[in-house]
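Derivation of every value follows stated rules applied to the coordinates shown; laboratory data play no part. Just so it is clear, the structure is predicted and the values come from calculations on it, not from any experiment. Don't worry about glycine lacking a Cβ; one is built from the backbone with ideal geometry, like all the others, and counts go over all protein chains shown.
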Amino acid sequence: MPTAATFRDIRRLVIGMLALVALAIAIQPALATTPSVAAPDTADEAEAAAQTPAEGQGADTQDAAGEGEAAYEYLGPEWIKGQPTSFEEDPWKSMTFQDQYTDDGQYALGMNNYILIPVIVAISAFVLFLLMVVVVRYRRREGREPSRTTHNTLIEVIWTIVPVIILIVIAVPSITLLARQYETPPENAITIKATGYQWYWGYTYPDQGGFEVISNMLPAEEALSAGLPAQLAVDNRMVVPVGVPLRIQTFGADVIHSFAVPSLWFKLDAIPGRLNERMLTIQEPGIYYGQCSELCGARHAYMPIAIEAVPMDRWRQWVLSKGGSFSEEAETSEAADIQAPASAAEGAPAAGGAPTAADDGGTAPSVPLDASETEGAESTN
Ligand SMILES: [Cu+2]
């Protein structure tokens with residue numbers, strides 16, 4: 001017979017477990033890791049990236065978008081990495097996630113494969129097993145007295161603790177993933193603004209002169225004859241540098257669209273009057289397909305997304321071929337000036353201080369700037 005004291009013990013146990021869950025949730029932001037890919041160091045990085053050239057680009061690989069653009073050659077169909085798999089092609093792969101080409105995507109896929117699926121399978125199998133035991137063992141039989149057993153402290157403690165442990169095991173990686181997805185792009189991330197229109201995408205590069213590339217779906221015959229997937233191939237891809245942090249901004253020009261690329265673990269709504277932003281770092285050069293994922297009208301199904309990730313030097317070629325420009329050289333030399341101790345000489349404006357204080361040169365403090373102050377000053381520009 002369970003006593004009142006036993007119930008008090010159980011209650012204390014449950015409260016303790018809840019506190020543990022709360023703690024696990026609270027420490028999550030601290031566990032969120034920083035991106036493994038370093039920020040681009042312009043020249044050096046471009047050189048390094050150039051050493052992994054996009055091989056296998058024959059004359060037959062030019063994209064339908066290539067007309068008239070000298071210098072830049074688009075990646076061919078052999079570079080397609082992010083696209084759905086048909087059941088005929090590979091039944092198993094057609095039912096699960098696409099291969100992932102970002103850190104977040106691999107983390108999320110790992111969580112699905114090694115935590116969620118095993119937990120789901122184990123619980124389902126256990127419940128099925130219990131159900132079968134009950135059905136077989138306690139079926140109605142002649143002359144059988146029903147059991148009148150109630151309360152079993154050990155079992156009650158177990159069925160409290162085990163679910164709590166399962167929840168913690170799920171909560172820790174889950175909230176870590178959430179925190180990773182909210183990570184702010186570094187200051188020197190390359191900004192690309194994806195604007196959803198009814199019914200196509202526009203990609204603006206504000207750091208490279210603000211040119212916009214309009215991207216429309218290719219007609220099926222045209223795509224297939226180029227060896228590209230119908231319904232996904234576009235006339236102008238969103239070309240980005242690989243391996244460096246990108247600041248992807250989304251915006252809706254008319255109605256709500258959603259910029260979604262499954263193989264990059266990226267989905268962000270494009271909303272009129274609101275600029276959404278998320279960091280994206282692509283690990284490998286390649287072509288990654290996605291689609292508008294917010295029902296946006298009659299041709300919603302015909303506004304695919306195609307991202308082409310290439311080494312930095314090739315990306316710069318592409319930007320130039322589109323009439324874009326680079327002010328990075330100017331920016332970096334400016335930054336170098338600010339970081340040089342000489343700039344802290346008397347009369348120099350105090351970086352990070354209020355602009356007004358810096359203006360009246362005489363009163364500006366001549367305290368040498370430390371690195372953190374310099375960074376702060378840059379970020380306010
Ligand atoms: Cu749309």
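Before moving on, here are some points about what is shown:
- Förster radius 35 Å - calculated FRET efficiency between MET95 and ASN276 (Cβ-Cβ, nearest 0.05): 0.70
- Annotation: amide H of GLU277 within the under-5 Å range of THR250, sequence separation 5 or more or interchain, hydrogens built in the peptide plane.
- Working note: Karplus 6.51/-1.76/1.60 with θ = phi - 60° gives the stretch 200-216 the couplings 7, 10, x, 10, 9, 10, x, 6, 10, x, x, 6, 10, 9, 9, 10, 10 Hz, where Gly and Pro are set to x.
- Antiparallel bridge percentage (DSSP; both residues within the stretch 182-275; nearest 5): 70
- Inter-centroid distance (Cα atoms) of the stretch 194-215 relative to the stretch 280-310, Å: 13
- The distance between label points at HIS151 and GLU183 comes to 5.3 nm (points 7 Å beyond Cα on the Cα→Cβ vector).
- Residues in the stretch 219-233 reached by a label modelled at TYR302 [backbone nitrogen below 19 Å; 7 Å Cα→Cβ]: 219-226, 228-233
- Sorting 233-242, 136-145 by average packing, meaning the other beta carbons within 10 Å per residue, from highest down gives 233-242, 136-145.
- Taking 0.36 nm per residue of separation and subtracting the Cα-Cα distance, full extension of the segment from ILE166 to PHE211 would add 11.2 nm.
- Amide H contacts of ALA233 (H built 1.01 Å from N, under 5 Å, at least 5 apart or other chain): LEU218
- Were the residues from PHE87 through ILE123 laid out at 0.36 nm apart, the gain over their Cα-Cα distance would be 10.1 nm.
- Sorted by Cβ density within 10 Å, fewest first, the residues TRP159, TRP201, TRP318: TRP159, TRP318, TRP201
- Residue-wise HN-Hα couplings along the stretch 253-268, as the Karplus relation 6.51 cos²θ - 1.76 cosθ + 1.60 with θ = phi - 60° gives them from phi, are 7, 9, 10, 7, 10, 9, 8, 9, 10, x, 6, 10, 6, 10, 8, 9 Hz; Gly and Pro carry x.
- Distance between modelled label sites at GLU284 and ILE158, nm, 7 Å Cα→Cβ extension: 4.6
- Highest average first, the peptides 286-293, 104-111, 93-100 ordered by how many other beta carbon atoms sit within 10 Å of their residues are 286-293, 104-111, 93-100.
- Karplus-derived 3J(HN,Hα) values for the stretch 234-246, using 6.51 cos²θ - 1.76 cosθ + 1.60 with θ = phi - 60°, are 10, 7, 10, 7, 7, 8, 9, x, 8, x, 10, x, 10 Hz; glycine and proline are entered as x.
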